[in-house]
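**Q** First the structure, then my questions, so here it is.
The values are calculated or read from the model by the stated rules, or taken from the named source; none is laboratory data. Given the structure is predicted, the values throughout are model-derived calculations rather than measurements. For neighbour counting, all protein chains shown are included, and Cβ atoms are generated from backbone atoms with ideal geometry for every residue, glycine included.
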Amino acid sequence: MASAALALALTAISSTLAADTPDPVADAKAFRNYFVTKFPNVKPEDFVNGPYALNEDMRRQWEEKEQFPPYEFSLEMGKEMFAKPFRNGKSYADCFPDQGIGIRQNYPYFDAKEGKVITLELALNRCREANGEPPFSYVGDDMAALTAYMAFTSRGKPFDIKIPDDPRALEAYQNGKRYFYTRRGQLNFSCATCHVQNPGERMRAEILAPALGILNAMPIYRSEWGGMGTISRRLTTCNSQIRGVPLEPQADEYRDLEYYLSYVSNGLPISGPGSRP
Amino acid sequence: MASTIRVRAISSGETTEVQVLIQHPMDSGFVRDAKGEIIPPHFIQQLTFEYDGRNVFVADWGAAVSKDPYVKFSFKGGNKGDDLKISWVDNKGETDTTTAKIQ
Amino acid sequence: MNMTGFKTTMRLSILAPTFVLVIAATTSVLAASSEADFKTAYAAAEATNKEAGRLRNQWTVTAEALADARKAADKSDFDRAVASAKEAEALAKASIFQATSEKEAWKNLEIR
Amino acid sequence: MTTTHNGFAATRRLIIKGAGAVALAGLGIISLSPAMVFAAANDKYPEDAFKQKGAADAIKSLYGRTAEASDKVKLDAPEIAENGAVVPISVSTTLTEVTSISFLASENPNALAAVYRIPPGTLPSVANRLKMAKTSNVIVIVEAGGKLYSAIKEVKVTVGGCGG
């Protein structure tokens, strides 16, 4: 009798679990379907161009700028930085598969040893530290330049984020998803408020970018910043704009968020570095 | 240090299309920094393009030209491999010059 | 960067109910505040904001109100210092409320 | 930004309302005189013109004469600038004997933004990126055959915020 009750209880628990068990494949499908349905005239791969995919007048300004894009200097600096050996003679290429060329689309990944998500920015600083170099600021120009170059070598390659068969990976994914949809800050906005519910709408002068493909264009040169910004910079400024205190760059929450957002954009091409208003 | 001037000069046979992007703050003198201090004006005033011993284009700029300024124009003539000399001078008297090959 | 300009976004329909404060008015009718009142109010606000920090959900406006309270106290304007500290505490409480209710509420926004 | 209202304020408002041709013709405070030297005709940086506040004063300082609106001047500028810090604006014209092309933004602290000198053999077509302080008119002046021709377009400018 007791065991029957226990069995019943267990069944109840497991069915609750089933309802709550994350299903990344279904999520990604629903996510993409939402945007494709909302914007039937936008080609799926065009979502990586953010607001420019959604507004003709802005697209023309962007195409005009892309003739000689403002991130050119940063990209060039990143290329030089990437090629320059550390003081110990090693270089970034030694820290990455394929010498670091054409691999942007594989980041972030879940590291089984550490049990955590590793972003490209994090991997770059770890590479520096492993070679006796001080880490860069995650929101600074150096990190932006390096990631700009690495994105550039990966342009056109589709995001290929893997969630290994590991409950911790699934948990990281789920945490990222929760962060994405959780309202925060005095304005009570979630990431989704702007980038799921209202992409294409004007937030003052600007057209909000769709969340689908939003990281594919990173890092970005923003006219508002008058310079380049990393993913870390984008996420922390998003938080402060809604009057929330940003977490420290590369906090677990941000790493998981990047994992989630990149995963649901799987299949869309890397387009970074990008330029945005 | 690398040149502040990036050039694309492409000959189509009859004309040469020139695009430049210059790394320069182009501070207008109307903007305040984080501490509320006015950032003093610092902008390129004149930019010249010299081909075959003569100016083919001269830009006079004020502070309203965007940061990292860009300009595009075309001139008749110009052959692949020819030199195009580009120089700028700003309001502080700083200058830079580069010579690019027409492609 | 100053984000006050963001206020204009309020006209956007997407703005869900924001947390509005009306407590400041209640303090002004009271008798003049002392330094001790300020210290008490400030400590309470700071403790509440720390709790919000544990929930990873502090608001920038809370920090601004706390800073304002300190500034007023430095000038011995304890009325304003107490008012700002109480405002900060209310903001911190609202951010805690937000974090707590969002533990489940986030799912309502999810694309499925 | 504080704008000092000078005698040209009324004229400038006219321009803003888009009565381009009339307004620009009205800018001609100074009569044509052969003694007038085109600042843009020599290689000297037109310092004085860049210091003028309003478009009318800048044009007067730069050219000493008035422009007439021309549909042969094709001004390409966005309806709404994605960011006032970087507004791509270009001009081309079918006019011949073009010697200079100037860009002005009517409500900038100093209206004159750029002057391009076009020697013989260079095509009368320029693209550049300008800063615009607020919603206002972009005015382009093409100097051709010793005359001035203009085109005008309003560009809406709002500052950056949450988006991107």
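Here is a yes/no grid of residues against (1) at pLDDT 95 or above; (2) at the interface with another protein chain (Cβ under 9 Å from one of its Cβ atoms); (3) more than 20 Å from B:Lys67 (Cα to Cα); (4) out of contact with any Asp or Glu (no Cβ under 8 Å at 6 or more places or on another chain):
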site: A:Met203; (1), (2), (3), (4): no, yes, yes, yes
site: A:Leu208; (1), (2), (3), (4): no, yes, yes, no
site: A:Ala217; (1), (2), (3), (4): yes, no, yes, yes
site: A:Gly226; (1), (2), (3), (4): no, yes, no, yes
site: A:Ile242; (1), (2), (3), (4): no, yes, yes, yes
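**Q** Right, next: What do you reckon, is D:Ala144 at pLDDT 95 or above, over 18 Å from A:Ser223 (Cα atoms) and not charged (D, E, K, R)?
**A** Yes.
**Q** What tally of residues in segment A:59-72 results from selecting those that are within 23 Å of the chain's Cα centre (by Cα) and facing another protein chain (nearest Cβ under 9 Å)?
**A** Count: 4.
**Q** Now for a separate question. From A:Glu114, A:Glu206, A:Glu133, A:Glu121, grab the single residue that is free of Cβ contacts under 8 Å to residues at least 24 places away in the same chain and not basic (Lys, Arg).
**A** Details: A:Glu206 fails: free of Cβ contacts under 8 Å to residues at least 24 places away in the same chain; A:Glu133 fails: free of Cβ contacts under 8 Å to residues at least 24 places away in the same chain; A:Glu121 fails: free of Cβ contacts under 8 Å to residues at least 24 places away in the same chain.
Testing whether each residue is free of Cβ contacts under 8 Å to residues at least 24 places away in the same chain and not basic (Lys, Arg) leaves just A:Glu114.
**Q** Going by what's in this entry, would A:Gly227 be described as surrounded by fewer than 21 Cβ atoms within 10 Å (Cβ to Cβ) and under 26 Å from D:Thr158 (Cβ atoms)? Please lay out each step first, then the result.
**A** Values: surrounded by fewer than 21 Cβ atoms within 10 Å (Cβ to Cβ): yes; under 26 Å from D:Thr158 (Cβ atoms): yes.
Yes, satisfied.
**Q** For the structure I just gave you, tell me whether D:Ser102 is within 16 Å of B:Ser66 (Cα to Cα) and either modelled with pLDDT of 95 or more or within 13 Å of chain A (Cβ to nearest Cβ) (or both).
**A** Working: within 16 Å of B:Ser66 (Cα to Cα): yes; either modelled with pLDDT of 95 or more or within 13 Å of chain A (Cβ to nearest Cβ) (or both): yes.
For D:Ser102, the condition - within 16 Å of B:Ser66 (Cα to Cα) and either modelled with pLDDT of 95 or more or within 13 Å of chain A (Cβ to nearest Cβ) (or both) - is met.
**Q** Further question on the same structure: Determine whether B:Gly13 is of a type in the set (Gly, Ala, Ser) and either at the interface with chain D (Cβ under 7 Å from one of its Cβ atoms) or closer than 23 Å to A:Arg222 by Cβ (or both).
**A** Judged against the criteria, B:Gly13 is not a match.
**Q** Now a separate question. Quickly run through segment B:16-59 and pick out the residues that are more than 7 Å from chain D (Cβ to nearest Cβ), β-branched (Val, Ile, Thr) and either surrounded by fewer than 23 Cβ atoms within 10 Å (Cβ to Cβ) or under 20 Å from B:Asn91 (Cβ atoms) (or both).
**A** Correct list: B:Val20, B:Ile22, B:Val31, B:Ile38, B:Ile39, B:Ile44, B:Thr48.
**Q** Let me ask something else. Would you please name the residue that is farthest from A:Ala28 (Cα to Cα), looking only at residues in segment A:141-168 that are crowded, with 16+ Cβ neighbours inside 10 Å and among the small types (Gly, Ala, Ser)?
**A** Filtering first and then ranking leaves A:Ala145.
**Q** Kindly provide the set of residues from segment D:113-153 that are buried (at least 23 other Cβ atoms within 10 Å of the Cβ), in contact (Cβ under 8 Å) with a residue 40 or more places away in the chain and not in a strand (DSSP E or B), ordered by number.
**A** Those that are buried (at least 23 other Cβ atoms within 10 Å of the Cβ), in contact (Cβ under 8 Å) with a residue 40 or more places away in the chain and not in a strand (DSSP E or B): D:Lys131, D:Met132.
**Q** If the Cβ limit is 8 Å and pairs must be 6+ apart or interchain, which residue in segment A:136-154 that is within 22 Å of A:Ala251 (Cβ to Cβ) pairs with which residue that is acidic (Asp, Glu) and in a helix (DSSP H, G or I)?
**A** A:Phe136/A:Asp142; A:Tyr138/A:Glu121; A:Met143/A:Glu121; A:Thr147/A:Glu121
**Q** Mind listing just one residue for me: the one in segment A:228-239 that is more than 8 Å from chain D (Cβ to nearest Cβ) and free of Cβ contacts under 8 Å to residues at least 24 places away in the same chain and, of those, farthest from B:Lys67 (Cα to Cα)?
**A** A:Leu235
**Q** Collect the residues in segment A:244-253 that are away from chain D (no Cβ under 13 Å) and touching a strand residue (DSSP E or B) at 6+ places or on another chain (Cβ under 9 Å), keeping them in residue-number order. It would help to see each step written out before you state the result.
**A** Keep residues of segment A:244-253 that are away from chain D (no Cβ under 13 Å), which gives A:245-253.
Matches in segment A:244-253: A:Val245, A:Asp252.
**Q** Could you tell me whether A:Phe39 is away from chain D (no Cβ under 14 Å), modelled with pLDDT of 90 or more and buried (at least 19 other Cβ atoms within 10 Å of the Cβ)?
**A** No; evaluated as a whole, the condition is false for this residue.
**Q** Let me ask something else. Restricting attention to segment B:60-74, does a residue exist that is on the phi > 0 side of the Ramachandran plot, facing chain D (nearest Cβ under 9 Å) and small (Gly, Ala, Ser)?
**A** The initial filter retains those residues of segment B:60-74 that are on the phi > 0 side of the Ramachandran plot, namely B:68.
Still in the list and also facing chain D (nearest Cβ under 9 Å): B:68.
Among the residues that remain, those that are also small (Gly, Ala, Ser) are: none.
Within segment B:60-74 (the criterion being on the phi > 0 side of the Ramachandran plot, facing chain D (nearest Cβ under 9 Å) and small (Gly, Ala, Ser)), the answer is no, since none of the residues qualifies.
**Q** Now a separate question. Of the conditions (1) within 30 Å of C:Ala65 (Cβ to Cβ); (2) surrounded by 24 or more Cβ atoms within 10 Å (Cβ to Cβ); (3) within 14 Å of chain D (Cβ to nearest Cβ), A:Gln197 satisfies every one except a single condition; which number is it?
**A** Only one criterion is unmet by A:Gln197, namely (2).
**Q** Can you find a residue that is of a type in the set (Asp, Glu), in a strand (DSSP E or B) and farther than 21 Å from D:Pro46 by Cα anywhere in segment D:62-81?
**A** Taking segment D:62-81 as the starting set, the residues that turn out to be of a type in the set (Asp, Glu) are D:68, D:71, D:76, D:79.
Narrowing the set further to residues that are in a strand (DSSP E or B) leaves D:68, D:76.
Imposing the further condition that a residue be farther than 21 Å from D:Pro46 by Cα reduces the set to D:68, D:76.
Yes, some residue in segment D:62-81 is of a type in the set (Asp, Glu), in a strand (DSSP E or B) and farther than 21 Å from D:Pro46 by Cα.
**Q** Looking at segment C:32-55, which of the residues that are under 16 Å from the mean Cα position of the chain (by Cα) and small (Gly, Ala, Ser) is nearest to C:Leu66 (Cα to Cα)?
**A** If we take residues in segment C:32-55 being under 16 Å from the mean Cα position of the chain (by Cα) and small (Gly, Ala, Ser), then C:Ala45 is nearest to C:Leu66 (Cα to Cα).
**Q** Looking at segment A:101-111, is at least one residue among the acidic types (Asp, Glu) and either part of a helix (DSSP H, G or I) or crowded, with 19+ Cβ neighbours inside 10 Å (or both)?
**A** Checked segment A:101-111: no residue is among the acidic types (Asp, Glu) and either part of a helix (DSSP H, G or I) or crowded, with 19+ Cβ neighbours inside 10 Å (or both).
**Q** Of everything in segment C:40-81, what is assigned to a helix (DSSP H, G or I) and farther than 26 Å from A:Asn188 by Cα? Give them in sequence order. Give the derivation first.
**A** In the first step, residues of segment C:40-81 are kept if they are assigned to a helix (DSSP H, G or I); the result is C:40-54, C:60-74, C:78-81.
C:Thr40, C:Arg70, C:Lys71, C:Ala72, C:Ala73, C:Asp74, C:Phe78, C:Asp79, C:Arg80, C:Ala81 - these are the residues of segment C:40-81 that are assigned to a helix (DSSP H, G or I) and farther than 26 Å from A:Asn188 by Cα.
**Q** Would you confirm whether any residue within segment A:248-271 is surrounded by fewer than 20 Cβ atoms within 10 Å (Cβ to Cβ) and free of Cβ contacts under 8 Å to residues at least 12 places away in the same chain?
**A** Yes, segment A:248-271 contains a residue that is surrounded by fewer than 20 Cβ atoms within 10 Å (Cβ to Cβ) and free of Cβ contacts under 8 Å to residues at least 12 places away in the same chain.
**Q** Follow-up question, since we're still on this one. Applying the selection to segment A:148-193, what residues are within 14 Å of chain C (Cβ to nearest Cβ), touching a strand residue (DSSP E or B) at 6+ places or on another chain (Cβ under 7 Å) and of a type outside the set (S, T, N, Q)?
**A** Selection gives A:Arg183, A:Arg184, A:Gly185.
**Q** Name the single residue that is farthest from the chain's Cα centre (by Cα) among those in segment C:98-112 being surrounded by fewer than 14 Cβ atoms within 10 Å (Cβ to Cβ), part of a helix (DSSP H, G or I) and without any contact (Cβ under 8 Å) to a residue 12 or more places away in the chain. Full working, then the answer.
**A** Going through segment C:98-112, the residues surrounded by fewer than 14 Cβ atoms within 10 Å (Cβ to Cβ) turn out to be C:100-101, C:103-104, C:108, C:112.
Cutting the leftovers down to part of a helix (DSSP H, G or I) gives us C:100-101, C:103-104, C:108.
From what is left, the residues that are without any contact (Cβ under 8 Å) to a residue 12 or more places away in the chain are C:101, C:103-104, C:108.
Working: C:Ser101: 17, C:Lys103: 20, C:Glu104: 23, C:Asn108: 26 Å.
The extreme case among them is C:Asn108.
**Q** State yes or no: is B:Thr99 under 11 Å from the mean Cα position of the chain (by Cα) and either surrounded by fewer than 22 Cβ atoms within 10 Å (Cβ to Cβ) or of a type in the set (D, E, K, R) (or both)? Please lay out each step first, then the result.
**A** On the way: under 11 Å from the mean Cα position of the chain (by Cα): no; either surrounded by fewer than 22 Cβ atoms within 10 Å (Cβ to Cβ) or of a type in the set (D, E, K, R) (or both): yes.
When the stated conditions are applied, B:Thr99 does not pass them.
**Q** Determine whether A:Leu75 is surrounded by 18 or more Cβ atoms within 10 Å (Cβ to Cβ) and within 21 Å of A:Arg202 (Cα to Cα).
**A** Numbers: surrounded by 18 or more Cβ atoms within 10 Å (Cβ to Cβ): yes; within 21 Å of A:Arg202 (Cα to Cα): no.
No, not satisfied.
**Q** All but one of (1) of a type in the set (A, V, I, L, M, F, W, C); (2) touching a residue at least 60 places away in the same chain (Cβ under 8 Å); (3) more than 23 Å from A:Ser74 (Cα to Cα) hold for B:Ile5; state the number of the condition that does not hold.
**A** Result: B:Ile5 passes all but (3).
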